[in-house]
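**Student:** Have a look at the structure that comes next, please.
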Amino acid sequence: MNHPPLEKWRLEKGLTYAQVAGMFGVHTATAHRWCVGLGVPRPGQVKALMKRSGLPLEAIRPPQAQRSAA
(Lines give C-alpha, C1' and ligand atoms only; values in the text may rest on other atoms or scores of the structure.)
Protein backbone atom coordinates (compact mmCIF):
# COMPACT_ATOMS: atom_id res chain seq x y z
CA MET A 1 0.00 0.00 0.00
CA ASN A 2 1.26 3.49 -0.84
CA HIS A 3 0.92 5.62 2.31
CA PRO A 4 1.48 9.37 2.54
CA PRO A 5 4.89 10.18 4.13
CA LEU A 6 3.55 11.13 7.56
CA GLU A 7 1.44 7.96 7.75
CA LYS A 8 4.43 5.88 6.67
CA TRP A 9 6.50 7.47 9.45
CA ARG A 10 3.73 6.79 12.00
CA LEU A 11 3.47 3.15 10.98
CA GLU A 12 7.24 2.62 10.95
CA LYS A 13 7.45 4.02 14.48
CA GLY A 14 4.50 1.89 15.64
CA LEU A 15 2.59 4.95 16.83
CA THR A 16 -1.15 5.30 17.23
CA TYR A 17 -2.98 8.41 16.08
CA ALA A 18 -3.52 9.25 19.75
CA GLN A 19 0.23 9.10 20.38
CA VAL A 20 0.96 11.35 17.40
CA ALA A 21 -1.73 13.74 18.61
CA GLY A 22 -0.16 13.83 22.07
CA MET A 23 3.27 14.62 20.63
CA PHE A 24 1.94 17.70 18.88
CA GLY A 25 -0.85 18.82 21.19
CA VAL A 26 -3.71 18.23 18.77
CA HIS A 27 -6.89 16.14 18.75
CA THR A 28 -6.60 12.53 17.61
CA ALA A 29 -8.83 13.26 14.60
CA THR A 30 -6.47 16.06 13.56
CA ALA A 31 -3.45 13.75 13.73
CA HIS A 32 -5.36 11.19 11.66
CA ARG A 33 -6.19 13.77 8.97
CA TRP A 34 -2.55 14.89 8.80
CA CYS A 35 -1.26 11.33 8.55
CA VAL A 36 -3.63 10.14 5.84
CA GLY A 37 -3.36 13.34 3.81
CA LEU A 38 -6.86 14.71 4.40
CA GLY A 39 -5.56 17.77 6.19
CA VAL A 40 -2.33 19.68 6.63
CA PRO A 41 -0.79 21.15 9.75
CA ARG A 42 -0.76 24.88 10.30
CA PRO A 43 2.50 26.64 9.53
CA GLY A 44 3.36 26.91 13.23
CA GLN A 45 3.10 23.13 13.66
CA VAL A 46 5.17 22.20 10.63
CA LYS A 47 8.57 22.86 12.22
CA ALA A 48 7.82 20.53 15.15
CA LEU A 49 6.58 17.84 12.77
CA MET A 50 9.69 18.16 10.60
CA LYS A 51 11.99 17.94 13.64
CA ARG A 52 10.23 14.97 15.22
CA SER A 53 9.60 12.96 12.05
CA GLY A 54 12.71 13.89 10.07
CA LEU A 55 10.48 14.50 7.04
CA PRO A 56 11.05 17.44 4.69
CA LEU A 57 8.58 20.29 4.35
CA GLU A 58 7.24 18.94 1.05
CA ALA A 59 6.25 15.68 2.75
CA ILE A 60 4.35 17.43 5.53
CA ARG A 61 2.85 20.31 3.54
CA PRO A 62 2.77 19.37 -0.14
CA PRO A 63 3.20 22.34 -2.54
CA GLN A 64 -0.54 22.52 -3.37
CA ALA A 65 -1.32 22.79 0.36
CA GLN A 66 1.26 25.54 0.80
CA ARG A 67 -0.33 27.59 -1.97
CA SER A 68 -3.87 27.19 -0.63
CA ALA A 69 -2.80 28.16 2.91
CA ALA A 70 -1.18 31.40 1.74
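The values are calculated or read from the model by the stated rules, or taken from the named source; none is laboratory data. Quick caveat, the model's predicted, so the values are computed rather than measured. Methodologically, a virtual Cβ is constructed for each residue, glycine included, from the backbone with ideal geometry; neighbour enumeration extends over all protein chains shown. Areas reflect the complete protein model, heavy atoms only, side chains present, ligands, DNA and RNA absent. Shrake-Rupley method; radii C 1.70, N 1.55, O 1.52, S 1.80 Å.
**Student:** When segment 42-70 is examined, which residues are found to be open to solvent by less than 100 Å² (accessible area, probe 1.4 Å), at pLDDT 90 or above and not in a helix (DSSP H, G or I)?
**Tutor:** G54, L55, P56
**Student:** Being exposed (fewer than 12 other Cβ atoms within 10 Å of the Cβ) and either more than 18 Å from H3 (Cβ to Cβ) or of a type in the set (A, V, I, L, M) (or both): is that true of G25 here?
**Tutor:** Answer is yes for this residue.
**Student:** Another question about this same structure. Which residue out of L15, L6 is within 10 Å of the chain's Cα centre (by Cα) and open to solvent by less than 60 Å² (accessible area, probe 1.4 Å)?
**Tutor:** From the options L15, L6, the qualifying one is L6.
**Student:** Separate question: Return a yes/no flag: does segment 28-37 have any residue that is of a type in the set (D, E, K, R) and within 18 Å of H3 (Cβ to Cβ).
**Tutor:** yes
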